[in-house]
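The values are calculated or read from the model by the stated rules, or taken from the named source; none is laboratory data. Keep in mind the model is a prediction, meaning the values are calculated, not measured. Cβ atoms come from the backbone with ideal geometry, glycine included; neighbour counts cover every protein chain shown. The accessibility values were calculated without ligands, DNA or RNA, using every heavy atom of the protein model including side chains. Shrake-Rupley method; radii C 1.70, N 1.55, O 1.52, S 1.80 Å.
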Amino acid sequence: TLKKKGKLVTTLVAPLHYQIPCGVRIDNFHGGEEASQALCDRGSERIVILGESNHYPDSWQETFELRILGFRRAWLRNGKRTQLIAEHPLPVDQLHRIKEIERIVDAQEHPVGYFALSDLSALTLHSVLRDRGIKIPEEAQIIGFDNLHSAATATPSLSSLCPDPSTFAEKLVEQLRFIEADSNHQEIVYIKPRPIARDSLKAL
């Protein structure tokens, strides 16, 4: 917990490199599993994972690493080979990111499934695919993460993963009550993301 101006604070995400022993977190590992299962259920055989890194190109951000590990676990559980998964960290700069996604898309043989580790990357990918005349979801299926409003309004609409906001709010309030009653309270509550299937995934 943190104390700011006499107020108790708990967080959704701990500051980078600062492990707060209390709070509410997204279960990113489970999120990766959900994304993998959604693509497996829809017959995807080859996967491209796109994600940002705070230290590109040296390492993935921890949040994204957990999503990838969860994805690989479910992929293996479905009897598929990990050699069919390609991972691509993306530059932080938006212009360079677009160019990298264009290069990645041009190198693929379609159909292929894409797991973008954020909706921002998924929406950029979505635009690149449409510019090249690649049909979504027939030739490329996409699932992102965060459920941004623009994901729902894209054409075709973008599938995403996101924890239930009301559950998040309830758990945060509960955490603050526990901390107020006991300043030594230490507990991390993990909220599982739910898949929100839209037009960018083939219908089951």
*With every protein chain in place, the chain: carbon and sulfur % of accessible area (1.4 Å)*: 51
*Taking square-rooted eigenvalues a ≥ b ≥ c of the alpha carbon gyration tensor, is the stretch 98-146 rounded, prolate or oblate, where a/c under 1.5 means rounded and, failing that, a/b exceeding b/c means prolate?*
oblate
*Which distance in nm do the two modelled labels at R194 and R103 give, with both placed 7 Å along the Cα-to-Cβ direction?*
4.0
*Per-pair calculated FRET efficiency, R0 = 45 Å: A181 and D41 via Cβ, rounded to 0.05*: 0.55
*Measure nothing fancy, just the Cα-based angle from helix 94-106's long axis to the longest principal axis of the chain, in degrees from 0 to 90, nearest 10.*
40
*Where the chain is the region considered: accessible area per residue in Å², 1.4 Å probe*: 53
*Just the ratio, please: alpha-carbon radius of gyration of the chain over 2.2 N^0.38 Å, N its number of residues.*
1.10
*Roughly how many debye, to the nearest 20, is the charge dipole of the chain about its Cα centre, given +1 on each Lys and Arg Cβ, -1 on each Asp and Glu Cβ, and no other charges?*
200
_Global geometry of the stretch 60-160, whether rounded, prolate or oblate, following the gyration tensor of its Cα atoms and the 1.5 cut on a/c_ = rounded
*May I ask you to evaluate 6.51 cos²θ - 1.76 cosθ + 1.60, the Karplus curve with θ = phi - 60°, for each residue of the stretch 144-154 and list the ³J(HN,Hα) values in order in whole Hz, giving x for glycine and proline?*
x, 8, 2, 6, 5, 4, 5, 5, 6, 9, 5
*Compute the distance in nm between two label points, each set 7 Å from the Cα along the Cα-to-Cβ direction, one at D93 and one at E174.*
4.6
